[in-house]
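Engineer: One structure coming up, written as structure tokens, with questions to follow.
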Amino acid sequence: MRSDIDVDVSPDYPVSWQAAAMNALMRGTMKPMSSLLLRHPAALTVACRAVELAQHLPGRLPEDVTVTEEGIGACGGEWVRTADGAPDGGSAGKRAVLYFHGGAYFICSPATHRSITWRLSAAAARPVLALDYRQGPVHTLAESLEDAHAAYRCLLDRGFAAGDIVLAGDSAGGHLTLATLLSLRDRGMPLPAAGICLSPWADLTDTPRRFNRWMDPVLPVGRVEWLARRWTDGLDPHDPLVSPAYGDYSGLPPLMIVTGSTEVLRDEARRVALRARRAGVPVTYEEWRRMPHVFALLADVLPEARLVFGHIARFLGAVPVAAAAGRSG
């Protein structure tokens, strides 16, 4: 039923000692380093290079996880599969999650987000195509969106039904998820079954961010606003494809939005949920107490981050029922 997914959720799990320690560590290291370094375009290039080198370091994945490179259009990506995530064309049919990684549109890659994508494959019981879309400082938001469209069309061309595809992403990838959904609808394309946004960056206007300005353990407000100005230079920041927080969500599929209660981006995530609901879209909005930005990325360390994938599985399990109810109504 629609009521199964059109809900606000505030998980009442006790905050783990791991989460408390991680918040303190990031508040004392990552946040001040970001405030200091991200003050010049040259810093973006340095940060990009550092992440490129780090992603080649060996990482641990469960034995049942496979990662396969994929070439798509002007960019690439990788298929991530687990034993629980049925392979495309397997017993579950051709189903997939198209995933957009975060990183403020200038750092990170599918490789840096495998702690999310392999767990998402298991939770969704389908393979995940993690897209290595073009990013700044060389490329633009429009080119990132073009890559997302190309990947979605590629899945359709390979025989995936739109209703068997889920779009998902975190932070800037959450922004790209929302922008892609809005753009697909505006172009008259068949829409996927659902969208999942983890800590989405949804407002790139110059609206002051007052909520959680001092509470966020990771993101310094000044640097978020600096990056927003950089990516919107020459654009209308109120364009819904630039700032999805101002979008009209009429006709979109069900959404799941996950955020932490102390995040500086929490307010814009809430605003997206409210706008979508006003447009008739069922939304599962989850606000996790004292969880940092994109806490699912820390699933190797935080118990709460591992638990969130069970919530995602329940949401996706209810989506076909909600879609069928919507068609019958």
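The values are calculated or read from the model by the stated rules, or taken from the named source; none is laboratory data. Every value quoted in this text rests on a predicted model; they were computed, and no experiment measured them. When we count neighbours, we look across all protein chains shown, and the Cβ atoms used for this are built from the backbone with ideal geometry, even at glycine.
Engineer: Of the residues 42, 96, only one is out of contact with any Ser or Thr (no Cβ under 8 Å at 6 or more places or on another chain), among the hydrophobic types (A, V, I, L, M, F, W, C), more than 19 Å from residue 143 (Cα to Cα) and modelled with pLDDT of 90 or more; which?
Structural biologist: Only one candidate qualifies: 96.
Engineer: Of all residues in segment 275-308, how many are hydrophobic (A, V, I, L, M, F, W, C) and not in a helix (DSSP H, G or I)?
Structural biologist: So the answer is 9.
Engineer: How many residues does segment 196-208 contain that are part of a loop (DSSP other than H, G, I, E, B) and touching a Gly at 6+ places or on another chain (Cβ under 6 Å)?
Structural biologist: So the answer is 1.
Engineer: Let me ask something additional. Within segment 157-184, track down each residue that is among the aliphatic types (A, V, I, L, M) and assigned to a helix (DSSP H, G or I).
Structural biologist: 162, 172, 176, 178, 179, 181, 182, 184
Engineer: Every residue in segment 220-262 that is touching a helix residue (DSSP H, G or I) at 6+ places or on another chain (Cβ under 7 Å), surrounded by 17 or more Cβ atoms within 10 Å (Cβ to Cβ) and more than 28 Å from residue 194 (Cα to Cα), please.
Structural biologist: Within segment 220-262, 220, 223 meet the criteria.
Engineer: Looking at segment 280-292, which of its residues are within 17 Å of residue 256 (Cβ to Cβ) and touching a residue at least 60 places away in the same chain (Cβ under 8 Å)?
Structural biologist: Hits for segment 280-292 are 282, 283, 284, 285, 286, 287, 288, 291.
Engineer: Look at residue 211 and say whether it is assigned to a loop (DSSP other than H, G, I, E, B), in contact with a Lys or Arg (Cβ under 9 Å, 6 or more places away or on another chain) and either within 22 Å of residue 128 (Cα to Cα) or acidic (Asp, Glu) (or both).
Structural biologist: no
Engineer: Okay, moving on. Please work out which one of (1) modelled with pLDDT under 95; (2) closer than 20 Å to residue 200 by Cα; (3) assigned to a helix (DSSP H, G or I) is the condition residue 154 fails and give its number.
Structural biologist: (2)
Engineer: In segment 99-138, which residue that is part of a strand (DSSP E or B) and touching a helix residue (DSSP H, G or I) at 6+ places or on another chain (Cβ under 6 Å) is surrounded by the most Cβ atoms within 10 Å (Cβ to Cβ)?
Structural biologist: 130
Engineer: Report yes if some residue within segment 166-174 is buried (at least 24 other Cβ atoms within 10 Å of the Cβ) and either of a type in the set (Val, Ile, Thr) or at pLDDT below 95 (or both); otherwise report no.
Structural biologist: Yes.
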